[in-house]
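Asker: Please find one structure pasted underneath; my questions will follow.
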Amino acid sequence: MKKMLIAIDGSNCSLRAIEYAGRQFSGVIDLHITLLHVLPYPPARLWDDGHIPTKKEKAEREREIDRWLMDQRAKTEPLFDKALSVLVEAGISRTQLTTKTISDSSDIADSILEETNDGGYQTLVVGRCGISAVKDFLMGSVTTKIINRGTRAAVCVVE
């Protein structure tokens, strides 16, 4: 069976990537698609601030991180629901679709590439928003990093 990974983030760019995959791969029976969302890195207030925490401080920080993760995961449910709906409406069977969230990432592009390689995907589909050349050069986009770092899979970039 062929495996495809579609990285989504809730943007219009990732929605266009989902729509493209639905149009292009509808009717392909031996294909399994995984929708991947990489959660942002926890906010600075949850980071280790350098001092050795007491057991109470450590437990409270862990509870805060757990609450933050639950909140972030709750926000991904509508993203996945919309993406699954688009793909099913395009004619891809729900049994061919799964979702996955990565929550321990410090670099979104690296996490997507690692999942692509470790998961044995043959195709990676990502959206790309048009941004200025200066901003792309200075900050880099996830898609640009994916293209520059490369993977063993074919990469489909949808703008």
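Asker: Which residue out of SER26, SER11 is among the small types (Gly, Ala, Ser), under 22 Å from TYR121 (Cα atoms) and at pLDDT below 95?
Answerer: Working: SER11 fails: under 22 Å from TYR121 (Cα atoms).
Sole residue among the options that is among the small types (Gly, Ala, Ser), under 22 Å from TYR121 (Cα atoms) and at pLDDT below 95: SER26.
Asker: Among the residues of the range 98-111, count how many are farther than 21 Å from ASP81 by Cβ and not in a loop (DSSP other than H, G, I, E, B).
Answerer: Within the range 98-111, the subset farther than 21 Å from ASP81 by Cβ is 104-111.
After this cut, where a residue has to be not in a loop (DSSP other than H, G, I, E, B) as well, the list is 108-111.
Within the range 98-111, residues that are farther than 21 Å from ASP81 by Cβ and not in a loop (DSSP other than H, G, I, E, B) number 4.
Asker: Within the range 30-66, which residues are out of contact with any Ser or Thr (no Cβ under 8 Å at 6 or more places or on another chain), at pLDDT 85 or above and outside any helix (DSSP H, G or I)?
Answerer: If the condition is that a residue be out of contact with any Ser or Thr (no Cβ under 8 Å at 6 or more places or on another chain), at pLDDT 85 or above and outside any helix (DSSP H, G or I), then ASP30, LEU31 are the ones that fit.
Asker: Same structure again: Can you tell me which of (1) under 30 Å from THR144 (Cβ atoms); (2) modelled with pLDDT under 85 is the one LEU97 doesn't meet?
Answerer: (2)
Asker: Would you mention how many residues in the range 5-31 are touching a Gly at 6+ places or on another chain (Cβ under 7 Å) and under 26 Å from ARG73 (Cβ atoms)?
Answerer: Here is the first cut: in the range 5-31, the residues touching a Gly at 6+ places or on another chain (Cβ under 7 Å) are 5, 11, 13-14, 16-17, 26-27.
Checking the rest, the ones that are also under 26 Å from ARG73 (Cβ atoms) come to 5, 11, 13-14, 16-17.
Adding up the residues that qualify gives 6.
Asker: Pairs, please: C-beta under 6 Å, at least 6 apart or cross-chain, first residue over 14 Å from PHE25 (Cα atoms) and in the range 78-94, second at pLDDT 95 or above and assigned to a helix (DSSP H, G or I)?
Answerer: Matching pairs, first to second residue: ALA83/ILE18.
Asker: Return the only residue of LEU87, LEU39 being in contact with a helix residue (DSSP H, G or I) (Cβ under 7 Å, 6 or more places away or on another chain), farther than 20 Å from ILE146 by Cβ and either crowded, with 18+ Cβ neighbours inside 10 Å or hydroxyl-bearing (Ser, Thr, Tyr) (or both).
Answerer: On the way: LEU39 fails: farther than 20 Å from ILE146 by Cβ.
Result: LEU87 is the single residue among LEU87, LEU39 that is in contact with a helix residue (DSSP H, G or I) (Cβ under 7 Å, 6 or more places away or on another chain), farther than 20 Å from ILE146 by Cβ and either crowded, with 18+ Cβ neighbours inside 10 Å or hydroxyl-bearing (Ser, Thr, Tyr) (or both).
Asker: Related question: Considering only residues that are touching an Asp or Glu at 6+ places or on another chain (Cβ under 8 Å) and buried (at least 23 other Cβ atoms within 10 Å of the Cβ), which ones fall in the range 1-34?
Answerer: Hit for the range 1-34 is LEU5, nothing else.
The values are calculated or read from the model by the stated rules, or taken from the named source; none is laboratory data. Quantities reported herein were computed from a predicted structural model and do not represent experimental measurements. Note that we place each Cβ from the backbone using ideal geometry, even for glycine, and neighbour counts take in every protein chain shown.
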